[in-house]
Amino acid sequence: MAGHEEEVAMEVEAVQSVYGGDCVVLDRYPPRLHVRIVPRTADVSSQQFVEAVIGISAGPQYPDVPPCVELIESKGLDDRRQKCLLDCILDKARQLSSCSMLVALCEEAVELLSKMNHPEGDCPMCLFPLVPEDTERRDLAFMKLMSCFHCFHSDCIIRWWTWLQNEKQTKVGEVENEKGLESQGNCPVCRKGFQAKDLEHVLTLISSYSSKSSSEGDVAEENGELLQSDSENNRRQRFETIMKVQEENNGLIEPKKDLVVLPGMYITPTITSSTSGTTNDNMEQQQPRDEAVSLETDSCNALNQQKDKAVAPVRNSIGSSKPRGTIEHRNSSTRKNSARNARKPGKHWVRKDYTSRV
Amino acid sequence: MTSSSATSRKALSKIASNRLQKELVEWQVNPPVGFKHKVTDNLQRWVIEVNGAPGTLYANETYQLQVDFPEHYPMEAPQVIFLPPAPLHPHIYSNGHICLDILYDSWSPAMTVSSVCISILSMLSSSTVKQRPEDNDRYVKNCRNGRSPKETRWWFHDDKV
Ligand SMILES: [Zn+2]
Ligand SMILES: [Zn+2]
């Protein structure tokens, strides 16, 4: 009996040594852990789109009886993907029944999240897919807010940021335009506050470029023409670097030759093992059915969400009515070529001042 | 009252128009339950028919919402009012103005016409009395010159109607 307890204790230590500060041990025996899981490919934080904290609680019968696994919190995962994550981990637990499995379950979670490490659905601002399907709009790169992991097209969220800053200025007026007050915005989806630093990786590119372009006297014709040309190119290059690192690390992301690669874009990974292959299929195919369900619940929920939420439930269910997740561009040009084509020569963005507003 | 604000308004920006076209298409595929968009060629003003939800005070009643979109939608909220006759409701004034925070201070560009409609229907459905807001007469008198509800400094009523 004591031998069994010792064995389990060693397993807990193993999880701790692998996950370090991301592993919180609530109970040593029977073990109860919270483990923060991030995708394996998330070395660069701006390229991390999902994360989760899973709770594992085993009983005294462990490992003969698999532990309970629950999702304590998650970011960037909609209901469908949350459920998929949990189901797959539980499947794994059943498979491994009566073996030591604490580390294996966490690794499974890492594996799953690595595959899910891409934003899903439509941009909440313009309602077009975050990862465009047609090649014409592929210049719309996306980004996430670092605070809440909600994803937007880069130019859409920057437009919101600029709008908020301009609005604040007009409201405050010349009277108390205090520099000490840090600029802040709020996420259009969850209203969580975000600051300039959340947009930094995009904003720095803008300001460095905007000084250049203003001296050239170029003016964008529409307030939407943000973020094309050099900044875009810059990010593309950075993305190539990240891609390389990822390939070297574990070959998880292997672009197909005929894919058009965008910054931050997720490429369906080549399936690494037979078990994960099926889970991957489930992830993508369950979708239509789930959507029908979510539609109904959405309209019921509407009765409860009267005033407090900025979420647009109906938009969500509509937005997901087209296939997504897998990206299949028919375009056969190589990555480099497509990057060049996407840049429209001579077009520059500037920050739009909404001077028309009173 | 309903059209004066329209005369001063600017045409939709390209972004606003793209977004609205997208919303319109999605509405046609998947309209919110209880609502019907009356088709016109005017993208900037939508007239939407609302059916009171079954089992509520407004069951079997039909009203019309008028939604006007500003130049910089969705950065700016749309103006949403009931066309006469406006439903009798503690948050709806007899001139059609609606006291609902998401239409003003709490607007967020991630909201859509659909989500606004759903919020309004939910506001109707949760009502337990059919009556005008207490300050109805005073407010409506103040709006005589065609003031838009978006210019009102709203003080939001209690959530619970
Ligand atoms: Zn967008
Ligand atoms: Zn958010």
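Consider the stretch B:12-51 and keep the residues that are open to solvent by 70 Å² or more (accessible area, probe 1.4 Å) and of a type in the set (K, R). The one that is nearest to B:T112 (Cα to Cα) is B:K36.
State whether one or more residues within the stretch B:52-71 are over 18 Å from B:I102 (Cα atoms), of a type in the set (A, V, I, L, M) and buried (at least 17 other Cβ atoms within 10 Å of the Cβ).
yes
Only one of the numbered conditions (1) part of a helix (DSSP H, G or I); (2) more than 10 Å from every other protein chain (Cβ to nearest Cβ); (3) free of Cβ contacts under 8 Å to residues at least 40 places away in the same chain is not met by B:K150, and that is (3). Within the stretch A:66-83, if we keep just the residues that are in contact (Cβ under 8 Å) with a residue 24 or more places away in the chain and hydrophobic (A, V, I, L, M, F, W, C), the residue that is farthest from A:C99 (Cα to Cα) turns out to be A:L77.
Looking across the stretch B:115-138, just one residue is more than 7 Å from every other protein chain (Cβ to nearest Cβ), surrounded by 18 or more Cβ atoms within 10 Å (Cβ to Cβ), assigned to a helix (DSSP H, G or I) and free of Cβ contacts under 8 Å to residues at least 60 places away in the same chain, and that is B:V116.
Residues in the stretch A:105-128 that are within 16 Å of ligand 2 (Cβ to nearest atom) and at positive phi: A:G121 only. Restricting attention to the stretch A:77-116, the residues that are open to solvent by less than 20 Å² (accessible area, probe 1.4 Å) and in contact with a Lys or Arg (Cβ under 7 Å, 6 or more places away or on another chain) total 4.
State whether one or more residues within the stretch A:67-76 are more than 16 Å from ligand 1 (Cβ to nearest atom), surrounded by fewer than 18 Cβ atoms within 10 Å (Cβ to Cβ) and within 30 Å of A:A2 (Cα to Cα). Scanning the stretch A:67-76 turns up at least one residue that is more than 16 Å from ligand 1 (Cβ to nearest atom), surrounded by fewer than 18 Cβ atoms within 10 Å (Cβ to Cβ) and within 30 Å of A:A2 (Cα to Cα). Filtering the stretch A:17-45 to residues that are farther than 20 Å from A:L112 by Cα and assigned to a strand (DSSP E or B) leaves A:V24, A:V25, A:L26, A:D27, A:R32.
Of all positions in the stretch A:38-59, at least one carries a residue that is open to solvent by 40 Å² or more (accessible area, probe 1.4 Å) and closer than 30 Å to B:M111 by Cβ.
Report, by residue number, each residue of the stretch A:135-171 that is more than 15 Å from ligand 2 (Cβ to nearest atom) and at pLDDT below 85.
A:T135, A:E136, A:R137, A:R138, A:D139, A:L140, A:A141, A:E167, A:K168, A:Q169, A:T170, A:K171
May I ask you to list the residues in the stretch A:117-128 that are touching a helix residue (DSSP H, G or I) at 6+ places or on another chain (Cβ under 6 Å) and buried (at least 23 other Cβ atoms within 10 Å of the Cβ)?
Just the residues of the stretch A:117-128 that are touching a helix residue (DSSP H, G or I) at 6+ places or on another chain (Cβ under 6 Å), to begin with: A:121-123, A:125-127.
Hits for the stretch A:117-128 are A:D122, A:C123, A:L127.
The values are calculated or read from the model by the stated rules, or taken from the named source; none is laboratory data. The shown structure was predicted, so the numbers you read here are calculated from the model rather than taken from an experiment. Backbone-built Cβ (ideal geometry, glycine too); neighbour counts: all protein chains shown. SASA here: full protein model, heavy atoms, side chains in, ligands and nucleic acids out. Shrake-Rupley method; radii C 1.70, N 1.55, O 1.52, S 1.80 Å.
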